[in-house]
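The values are calculated or read from the model by the stated rules, or taken from the named source; none is laboratory data. Treat the numbers as computed from the prediction; the structure is a model and nothing was measured. Neighbour counts run over all protein chains shown; Cβ positions are idealised from the backbone, glycine included.
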Amino acid sequence: MFFIARSKNANLVCYDLNIDKNGKVNSEEPLKVYWINKTDHMGERSDLNYFQKKMAYGYNSKMTGKGIFEISLVAFQARKVILERDQKGKYRGRIVINGKPAALSKIFVQAKPENSMKVSWVELTGIGLEDGKIVTERIIPD
């Protein structure tokens, strides 16, 4: 669905659709979230730990319609991601990026140089739903 990249290192936090063997989205946990190691253990996949889920990369969801979920990322609750099917029946994460509806593909987090636990800015990237063009927005937290 989408991933989070960070300035801290090349590792990625991936958010995949969580479907069962019958092809249905898990209504309790519609996204699988995990790390992909791109540094010291190239390609290794690992689960988030408790603190990562609760403080940084976890999410909350609620079903708002048949097969439609509202996703709130723990560390970025200001903007909801709507998990829904497109016209072809494929799921996407719809979000507003720079005032335009888009399918979210990437979130990049730039940490503050003096404290990697603090965020300088976040950049959202997606594909515009109206024109199919790449759309981005940089958000500077208060």
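Points worth noting:
- Identification of strands (runs of 3 or more DSSP E) wholly contained in region 49-142 with 1 or more residues that are surrounded by 14 or more Cβ atoms within 10 Å (Cβ to Cβ) and among the basic types (Lys, Arg) yields 76-85, 91-97, 100-112.
Residue-wise test of (1) among the basic types (Lys, Arg); (2) assigned to a strand (DSSP E or B); (3) touching a helix residue (DSSP H, G or I) at 6+ places or on another chain (Cβ under 8 Å).
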site: ALA5; (1), (2), (3): no, yes, no
site: ALA10; (1), (2), (3): no, no, no
site: TYR15; (1), (2), (3): no, yes, no
site: ASN22; (1), (2), (3): no, no, no
site: GLU28; (1), (2), (3): no, no, no
site: VAL33; (1), (2), (3): no, yes, yes
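- Residues located in region 13-31, provided they are hydroxyl-bearing (Ser, Thr, Tyr) and surrounded by fewer than 14 Cβ atoms within 10 Å (Cβ to Cβ): SER27
- Region 101-136, subset farther than 23 Å from LEU31 by Cβ and of a type in the set (Lys, Arg), residue modelled with the lowest pLDDT: LYS118
- Residue in region 32-48 that is surrounded by the fewest Cβ atoms within 10 Å (Cβ to Cβ), counting only those that are aliphatic (A, V, I, L, M) and over 15 Å from VAL74 (Cβ atoms): MET42
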